[in-house]
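Worksheet: one structure, shown below.
The values are calculated or read from the model by the stated rules, or taken from the named source; none is laboratory data. Predicted model only: the values in this text are computed from it and were never measured. Backbone-built Cβ (ideal geometry, glycine too); neighbour counts: all protein chains shown. Ligands, DNA and RNA are stripped out before the accessible areas are found, and what is left, the full protein with its side chains, is counted by its heavy atoms. Shrake-Rupley method; radii C 1.70, N 1.55, O 1.52, S 1.80 Å.
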Amino acid sequence: MQDNVKITFLGDLMCEGPMLSAYKLSSNKYNFDSIFAPTKDFLQRSDYVFANLETPISVDNTNLTNEQYRFNTPFEFASAIRNAGINFVATANNHCLDRDILGIDSTIKSLDNAGILHTGTYSKKQKKYSIIEVKGIKFGILAYTYGTNAFANNIYLKKRDLWRVNLFQNQELSFFLDQFAHRNPTSIFSKLYTFFLHCKKSTNINKAVYERQEFNHRCRKDLLNQIKLLKEEKPDFIIMLMHTGGQYNAKASPQTQELVSFLQKNDIDIIAGSHEHVVHGIAFNSASQNKIAAYSLGNFVNLAGSFNEPFNKHANYSIAWNIYLKKNSDSTSIDSISYTILKTIPDDKPFKVKTALCFDLYRRESNCNKKESLWKDMQFIAKRFSNQEVEEPLEEYFIDLQS
């Protein structure tokens with residue numbers, strides 16, 4: 001039997017507009033390494049690290065972020081991700097089309113240049129998954145998103161381009177009547193249409209756009225076909241980097257929970273969730289079934305909770321989710337799982353942040369009140385993620401798979 005293989009999943013890697021000036025050096029050059037400096041040694045103790053890349057990347061540092069919710073980030077951000085020890089990123093998320101199809105191509109080229117593996121969006125038609133091997137254990141990796149912010153940016157993929165983004169369901173408001181009602185809420189037609197939906201007891205009528213259930217038959221058929229093709233390559237584990245859910249919800253939405261159940265029933269072994277911007281819990285069947293899921297790992301890096309609202313949602317905390325795997329001569333299995341609580345904190349100037357291990361922050365804090373406040377936050381995040389109480393500040397908390 002070989003030693004355990006440790007893989008780690010991180011949450012959303014974001015780079016909001018105000019951060020650009022904070023990390024700019026000169027002559028359109030940037031350096032983001034300081035964001036990852038406090039976690040670099042920790043991440044490099046894992047055999048492989050995954051994360052969600054929540055922004056397009058500019059291959060030539062042009063047309064960068066200039067709106068609050070439409071991103072485009074310098075290519076040095078990709079270099080910093082790789083320097084930190086992050087090996088693989090999901091590119092399928094609601095910001096993947098912030099710079100249209102050209103933004104997808106630019107992101108992929110930037111990641112390839114930086115030496116970061118990826119899946120979820122594509123520049124050419126190919127298999128919609130990746131295969132990697134870590135110390136003799138073979139992983140199949142899928143990355144899918146609930147949508148692409150089409151309702152806001154009005155970038156709807158034409159039928160000939162649907163292969164470019166892995167989608168769990170149609171893009172938001174794909175039905176033209178839904179689009180019209182959303183954009184013209186005070187019109188007589190919209191009011192009648194909304195009344196009709198109320199009468200029909202539509203499950204979408206009172207939901208935010210990003211939590212609505214869109215038509216998904218085509219997308220799920222495609223997903224099941226990709227899983228079938230992936231299984232033919234005989235991976236030891238199939239991983240889904242899942243991008244779905246609401247915004248700052250107290251717990252995973254019913255739609256997210258239903259999706260996780262669907263994925264587990266269709267042979268996905270490990271599900272790492274992103275998009276919610278806050279930490280949500282884990283869900284697993286049993287150690288013997290080798291199926292575990294985390295609904296949301298939170299934001300690994302962003303400004304919320306540090307410089308931007310909301311300040312009361314613990315949005316500046318996230319989880320590094322560690323999974324220890326073992327392979328015998330005739331089988332592979334999940335040996336144990338653990339998590340490390342992280343916090344994004346202000347750095348040395350406005351809109352400059354860095355992400356650190358909460359245990360390190362706690363150990364170094366000399367102010368008694370700040371130390372006690374941090375410990376209470378750590379207890380809150382631990383309870384939300386694992387549904388278990390923690391009794392002392394630690395770097396790594398292990399979870400009983402049989403609980």
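Does residue 172 satisfy being farther than 30 Å from residue 383 by Cβ, in a loop (DSSP other than H, G, I, E, B), charged (D, E, K, R) and out of contact with any Lys or Arg (no Cβ under 9 Å at 6 or more places or on another chain)? Spelling it out, it is not the case that residue 172 is farther than 30 Å from residue 383 by Cβ, in a loop (DSSP other than H, G, I, E, B), charged (D, E, K, R) and out of contact with any Lys or Arg (no Cβ under 9 Å at 6 or more places or on another chain).
Looking at region 293-312, which of its residues are open to solvent by less than 10 Å² (accessible area, probe 1.4 Å) and either over 13 Å from residue 337 (Cα atoms) or modelled with pLDDT under 95 (or both)? So that I can check it myself, show each step before the final result.
In the first step, residues of region 293-312 are kept if they are open to solvent by less than 10 Å² (accessible area, probe 1.4 Å); the result is 293-294, 296-304.
Selection gives 296, 297, 298, 299, 300, 301, 302, 303, 304.
Closer than 27 Å to residue 295 by Cα and not in a strand (DSSP E or B), is that true of residue 151? So residue 151 passes the test.
Among the residues of region 26-67, just one is surrounded by fewer than 18 Cβ atoms within 10 Å (Cβ to Cβ) and part of a strand (DSSP E or B), namely 67.
Here are 360, 377, 330, 347: which of them is more than 16 Å from residue 10 (Cβ to Cβ) and modelled with pLDDT under 95? Before you say what the answer is, go through the steps one by one.
On the way: 360 fails: modelled with pLDDT under 95; 377 fails: modelled with pLDDT under 95; 347 fails: modelled with pLDDT under 95.
Going through 360, 377, 330, 347 in turn, the sole match is 330.
The single residue among 225, 249 that is modelled with pLDDT of 95 or more, of a type outside the set (Val, Ile, Thr) and open to solvent by 20 Å² or more (accessible area, probe 1.4 Å) turns out to be 225.
Residue-level analysis places residue 230 among those that are aliphatic (A, V, I, L, M) and outside any loop (DSSP other than H, G, I, E, B). Pick from region 135-166 the residues that are modelled with pLDDT of 95 or more, among the aliphatic types (A, V, I, L, M) and open to solvent by 10 Å² or more (accessible area, probe 1.4 Å): which of them is farthest from residue 327 (Cα to Cα)? The qualifying residue farthest from residue 327 (Cα to Cα) is 155.
Table: residues versus (1) farther than 30 Å from residue 19 by Cα; (2) out of contact with any helix residue (DSSP H, G or I) (no Cβ under 6 Å at 6 or more places or on another chain).
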{"residue": "298", "(1), (2)": "no, yes"}
{"residue": "301", "(1), (2)": "no, no"}
{"residue": "307", "(1), (2)": "no, yes"}
{"residue": "333", "(1), (2)": "yes, yes"}
{"residue": "338", "(1), (2)": "yes, yes"}
{"residue": "360", "(1), (2)": "no, yes"}
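Annotation note: Cβ proximity below 7 Å between a residue of region 223-236 that is closer than 24 Å to residue 136 by Cβ and a residue that is of a type in the set (Asp, Glu) and surrounded by 13 or more Cβ atoms within 10 Å (Cβ to Cβ) (sequence gap 6+ or interchain) occurs for 227/267; 231/267.
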